[in-house]
Structures are given as structure tokens and as C-alpha cells.
Amino acid sequence: MTTEVDLTPLTSGLVTALPAVTVAPEQVGFSGQPSDVLDAPEPNIDIHVILFGGRAVGMFRIDQNYHDRYSFATADTPGLRTYLIDREFQGRGIASASCRLLKAYLHDQYPRAKAAYLTVNLSNPIARRVYLAGGFIDTGDQWPWGNAGPQNILRLDLNS
């Protein structure tokens with residue numbers, strides 16, 4: 001594991017660095033590319049950057065209106081979306097390290113949130129393991145309408 005991982009909200013200084021972050025073609029169906037997100041911002045969805053040694057190597061989004069899209073969420077449970085690490089930096093423990101930082105980071109960034117949800121595709125067991133190791137719990141439920149197929153619903157309690 002590395003100690004050089006940090007999380008930060010997207011700033012104007014990082015906007016130019018994020019398009020250089022890319023995922024492998026076989027991962028695009030799960031996360032998309034950062035450039036897609038930057039080119040089509042959505043209201044009430046915040047972009048956050050994963051840094052490794054001060055360099056932007058990944059990103060995720062927090063959807064504050066997740067409950068409008070997903071019936072299992074509530075207004076005080078935002079959703080984690082588009083969690084990705086640049087293809088050249090995968091396999092170094094950055095995703096695991098950044099995931100372990102999420103609870104404290106999200107608690108600080110969204111103090112009114114009780115928990116955060118995410119859905120992870122059934123055909124993406126590596127991502128599921130990373131999220132579970134980072135403190136998410138599997139609710140035992142599935143979301144059948146994911147873009148890339150059925151998904152497990154995971155929850156990260158932020159106030160415990």
C-alpha cells in the first residue's frame with residue numbers, strides 16, 4: 001500500500017490534468033472516461049480527484065440527487081459514481097488506498113450525509129473487492145438496470 005494517495009475536490013488547476021486520465025477500453029462500460037464527465041457536467045454531481053504523489057491519477061463523482069435515480073437511496077445518502085484509476089496506475093494499490101480514505105473524506109465533504117451508496121456491476125468482481133476492503137458493505141440487494149448489466153448495491157456508513 002502507498003501513503004501518497006489523497007482525495008480532493010476538482011479545482012480549476014486540476015481540470016486540465018484530468019483529461020489525461022484514461023481507463024482501458026474494456027473498463028469504459030463500467031466507468032466511462034474522465035473527458036466524458038468533464039464535457040457533460042451534471043447538476044448536483046460533484047467531481048473529486050484521486051491524487052498519487054500530487055498527480056491526478058483518478059476520479060469519482062458524488063451524486064447528491066442519487067435518491068432521484070435509485071429507490072434504495074434517500075436524500076441523506078449521496079451516490080458514488082464513476083470511480084476510476086488511470087490505466088497506467090492500476091495495480092499499485094491506489095484504488096484500495098483511496099477507497100479506504102473515502103469514509104473520512106466524504107464525512108468531511110458532506111457532513112449531512114449519513115451514508116453513501118454505489119452500485120458495482122456483477123461482472124466487475126475486482127472493483128467489488130476494492131470497495132468492500134474500503135469499508136463498503138454489500139446490502140445483499142441488486143440493481144437490475146445497470147448500463148452494463150445487473151449490479152450489487154453497496155453502502156458506506158459515514159457516521160459510525
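The values are calculated or read from the model by the stated rules, or taken from the named source; none is laboratory data. Please read these numbers as outputs of a predicted model, since none were measured by experiment. All Cβ positions, even for glycine, are placed from backbone atoms using ideal geometry, and neighbour counts span all protein chains on display. Just so you know, the surface numbers come from the protein's heavy atoms only, side chains and all, with ligands and any DNA or RNA stripped out. Shrake-Rupley method; radii C 1.70, N 1.55, O 1.52, S 1.80 Å.
General remarks:
- Hits in segment 37-50 - residues which are open to solvent by 60 Å² or more (accessible area, probe 1.4 Å) and acidic (Asp, Glu): ASP39, GLU42
- Residue-level check: of (1) open to solvent by less than 20 Å² (accessible area, probe 1.4 Å); (2) farther than 22 Å from VAL5 by Cα; (3) aromatic (Phe, Trp, Tyr), PHE72 misses just (1).
- Scanning segment 126-145 for residues that are in contact (Cβ under 8 Å) with a residue 24 or more places away in the chain, of a type outside the set (Val, Ile, Thr) and out of contact with any strand residue (DSSP E or B) (no Cβ under 6 Å at 6 or more places or on another chain), we see that the one that is surrounded by the most Cβ atoms within 10 Å (Cβ to Cβ) is GLY134.
- Leading residue by the ranking (least open to solvent (accessible area, probe 1.4 Å)) among those in segment 104-125 that are part of a helix (DSSP H, G or I) and either more than 25 Å from ALA148 (Cβ to Cβ) or touching a Phe, Trp or Tyr at 6+ places or on another chain (Cβ under 9 Å) (or both): TYR105
- Those residues of segment 103-140 which are more than 24 Å from ASN65 (Cα to Cα) and of a type in the set (A, V, I, L, M, F, W, C), in sequence order: ILE126, VAL130, ALA133
Okay, residues lined up against (1) in contact with a Cys (Cβ under 9 Å, 6 or more places away or on another chain); (2) open to solvent by 60 Å² or more (accessible area, probe 1.4 Å); (3) aliphatic (A, V, I, L, M):
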| residue | (1), (2), (3) |
| --- | --- |
| PHE52 | no, no, no |
| PHE60 | no, no, no |
| ARG81 | no, no, no |
| ILE85 | no, no, yes |
| GLY91 | no, yes, no |
| CYS99 | no, no, no |
| LEU102 | no, no, yes |
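- When ARG100 is tested against the conditions (1) assigned to a strand (DSSP E or B); (2) farther than 22 Å from ASP68 by Cα, the lone failure is (1).
- Residue selection: VAL5 fails the criterion of being open to solvent by less than 40 Å² (accessible area, probe 1.4 Å), farther than 19 Å from GLY135 by Cα and not hydroxyl-bearing (Ser, Thr, Tyr).
- Cβ pairs under 9 Å, 6+ apart, first in segment 95-121 and closer than 12 Å to ASN159 by Cα, second open to solvent by 30 Å² or more (accessible area, probe 1.4 Å) and in a helix (DSSP H, G or I): ALA113/HIS107; ALA116/LYS103
- Filter result for GLY58 (modelled with pLDDT under 95 and farther than 23 Å from SER35 by Cβ): no
- The residue that is modelled with the lowest pLDDT, among those in segment 149-160 that are over 16 Å from CYS99 (Cα atoms) and open to solvent by 50 Å² or more (accessible area, probe 1.4 Å), is SER160.
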